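Notes follow once the structure below has been shown.
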There are 2 protein chains.
Amino acid sequence: MATHTHECVQLVPIFQELAEEQQDTIESIVRHHHFEAGETLFSADDPLDTLMIVANGQVKVYQLAANGREQLLYLLQTGDIDGEAALFENQRRTSFGEALVPTDVCGIRRKDFQALMQKFPSISINVLNVFGKRLTQLERQTTSTATESVEARLASYLTETAASLHTDTFKLPLKKKDLATFLGTTPETISRKLTRFAQQGLITQKPGKVIQINDADQLLLAE
Amino acid sequence: MATHTHECVQLVPIFQELAEEQQDTIESIVRHHHFEAGETLFSADDPLDTLMIVANGQVKVYQLAANGREQLLYLLQTGDIDGEAALFENQRRTSFGEALVPTDVCGIRRKDFQALMQKFPSISINVLNVFGKRLTQLERQTTSTATESVEARLASYLTETAASLHTDTFKLPLKKKDLATFLGTTPETISRKLTRFAQQGLITQKPGKVIQINDADQLLLAE
DNA sequence: TGAGTTTCTTGACGGCCGTCAAGTTCTGAA
DNA sequence: TTCAGAACTTGACGGCCGTCAAGAAACTCA
């Protein structure tokens, strides 16, 4: 099993550039956990003192609003990390995570991770890189939900997803309910908008949540 | 002038913990700029290769949405930094900054800052700290605009502002138009909601954009 | 102080979209 | 394959809030 667990550290971009020996050091620090699909990885109000690394699988991260509604913030893939704020202060979580598929996770406690960053400065620079991208993404998301219509947000989501997959035809990676909370709307509205796009010929809906984009440019002009 | 410029580096939290000599090193790298109120510090589509430090003043940072509307993302104070994404890749800005009052700014080029982080690892840890907080804040803001009503968001904004100032009576730091783009709404709606809160006795509006909060608990129950 | 500009307020109106409800399709386990 | 539960679709309805417009108030600067 040593090989398997070692893969966990190797996979993670923030530990790239470290010599194998140094990766072993890290391996001795992390704790491994496994979750089945649907299991909760952490909840709101958990003490927030562990950095989480997705070794294998997918994790949905939700945040709870004051009125009790949920917002899907991230869809973490293998190699992604979570728990950023964990690294510094005693904070409480306001989010909760749920495995979307069977998932392996590595945890590193705050103190250990801080020591690691002191010892291997390249790690903190890699983490900065990750945070920078996430900040940029969140800034765009905030702007988008605050200023654009649901229709425009959905259109952006579709074209961006297609672009990142390098294909016009793809399967929606989320159920409509999750997609709805991600875009700040409701499943009903998603259904209606998709039907509308299809009627306009901008997309084609196929069985199994498969979407084919026919006219990305026109789609983005949707208001 | 040496003393004055040195203050710039001393003021910035991310350079704390450095010896004076090391701060001098940094001082020799930064470039100083001064802007009058209303001046533009940087625009969308600028090449993004400089980290900006607010040495003195206030800066509004907006982002442009696809439909041309603006979103106020940050209100930077003395000691705050901006340009996070700058630090890593050749990205283009999607935001623009504007001085709210006469403002002094220090800029550090990406290459120089990366060298600094290599030399003084504590800097990168401090930057991580800043990013972590900003991420947490943006996550809350995204969730809030996506799931809560304008009324609830405005109520949160008022009570949080009051709390951070440790007083019930305070002056709104922004014009209604800016406050509106920050909260993802319009000046008209802000006016209406404030009038409504006042009619309900939850707040009292006084001349000069001064607000007095009478019942913070009840205010937060607004939907 | 006063004129001109910007900002703010209030009203009227309409559209987007959230909610509730009912019917249909999909999915996964026995 | 079958069937129960989940997910999805579609319709009807209503409220929140964005837009336009006009008047009031506040601010700026000579």
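The values are calculated or read from the model by the stated rules, or taken from the named source; none is laboratory data. This is a predicted model, so every value here is computed, not measured. Glycine also receives a Cβ, built like all others from the backbone with ideal geometry; neighbour counts cover every protein chain displayed. What goes into the accessible areas is simple: the full protein's heavy atoms, side chains included, and nothing from ligands, DNA or RNA. Shrake-Rupley method; radii C 1.70, N 1.55, O 1.52, S 1.80 Å.
Every test in (1) under 23 Å from B:Tyr74 (Cβ atoms); (2) more than 7 Å from chain B (Cβ to nearest Cβ); (3) open to solvent by less than 20 Å² (accessible area, probe 1.4 Å) is passed by A:Thr143 save one, and that test is (2).
Residue-level analysis places B:Thr159 outside the set of residues that are part of a helix (DSSP H, G or I) and at the interface with chain A (Cβ under 9 Å from one of its Cβ atoms).
Number of residues in region A:164-223 that are assigned to a loop (DSSP other than H, G, I, E, B), within 11 Å of DNA strand D (Cβ to nearest atom) and open to solvent by less than 60 Å² (accessible area, probe 1.4 Å) equals 4. Kindly evaluate A:Glu148 against the criterion of being within 14 Å of another protein chain (Cβ to nearest Cβ) and acidic (Asp, Glu). So A:Glu148 fits the description; yes.
Can you say whether A:Gln77 is surrounded by fewer than 18 Cβ atoms within 10 Å (Cβ to Cβ) and within 8 Å of another protein chain (Cβ to nearest Cβ), as far as the supplied structure shows? The answer is no for A:Gln77. Among all residues of region B:184-196, there is none that is within 28 Å of A:Gln91 (Cβ to Cβ) and free of Cβ contacts under 8 Å to residues at least 40 places away in the same chain.
Scanning region A:108-121 for residues that are open to solvent by 10 Å² or more (accessible area, probe 1.4 Å) and of a type outside the set (S, T, N, Q) yields a count of 8.
Residues that are without any contact (Cβ under 8 Å) to a residue 24 or more places away in the chain, out of contact with any Ser or Thr (no Cβ under 8 Å at 6 or more places or on another chain) and among the hydroxyl-bearing types (Ser, Thr, Tyr) are absent from region B:32-50 altogether. Which one of A:Gln205, A:Gln212 is within 14 Å of DNA strand C (Cβ to nearest atom), not basic (Lys, Arg) and not assigned by TED's automatic domain parsing to the domain that holds A:Phe96? Just one listed residue meets the conditions, A:Gln205.
Taking the criterion of being within 9 Å of DNA strand C (Cβ to nearest atom) and either among the hydroxyl-bearing types (Ser, Thr, Tyr) or closer than 20 Å to B:Gln71 by Cα (or both), the residues of region A:155-190 that qualify are A:Leu183, A:Gly184, A:Thr185, A:Thr186, A:Thr189. Among the candidates B:Leu100, B:Leu138, single out the residue that is within 21 Å of the chain's Cα centre (by Cα), surrounded by fewer than 21 Cβ atoms within 10 Å (Cβ to Cβ), modelled with pLDDT of 90 or more and away from DNA strand C (no atom under 16 Å from the Cβ). Of the residues listed, the single one that is within 21 Å of the chain's Cα centre (by Cα), surrounded by fewer than 21 Cβ atoms within 10 Å (Cβ to Cβ), modelled with pLDDT of 90 or more and away from DNA strand C (no atom under 16 Å from the Cβ) is B:Leu138. Of note, B:Ile123 satisfies the criterion of being touching a residue at least 40 places away in the same chain (Cβ under 8 Å) and within 14 Å of chain A (Cβ to nearest Cβ).
Could you count how many residues in region A:87-114 are hydroxyl-bearing (Ser, Thr, Tyr) and touching a Gly at 6+ places or on another chain (Cβ under 7 Å)?
So the answer is 1.
For every residue, the table says whether it meets (1) hydrophobic (A, V, I, L, M, F, W, C); (2) in contact with a His (Cβ under 6 Å, 6 or more places away or on another chain); (3) farther than 20 Å from A:Thr25 by Cβ.
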position	(1), (2), (3)
A:Arg109	no, no, no
A:Asp112	no, no, no
A:Leu116	yes, no, no
A:Ser122	no, no, no
A:Val127	yes, no, no
A:Gly132	no, no, yes
A:Leu135	yes, no, yes
A:Leu138	yes, no, yes
A:Thr145	no, no, yes
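In region A:166-178, the residues that are assigned by TED's automatic domain parsing to the domain that holds A:Gln205 reach residues that are within 8 Å of DNA strand D (Cβ to nearest atom) and open to solvent by 60 Å² or more (accessible area, probe 1.4 Å) with C-beta atoms within less than 9 angstrom, at least six apart or across chains, in these pairs: A:Lys171/A:Lys209; A:Leu172/A:Lys209; A:Pro173/A:Lys209; A:Leu174/A:Lys209; A:Lys175/A:Lys209; A:Lys176/A:Glu188; A:Lys176/A:Lys209.
Within region B:152-171, being at negative phi, out of contact with any helix residue (DSSP H, G or I) (no Cβ under 9 Å at 6 or more places or on another chain) and not β-branched (Val, Ile, Thr) holds for B:Glu160, B:Ser164, B:Leu165, B:Lys171.
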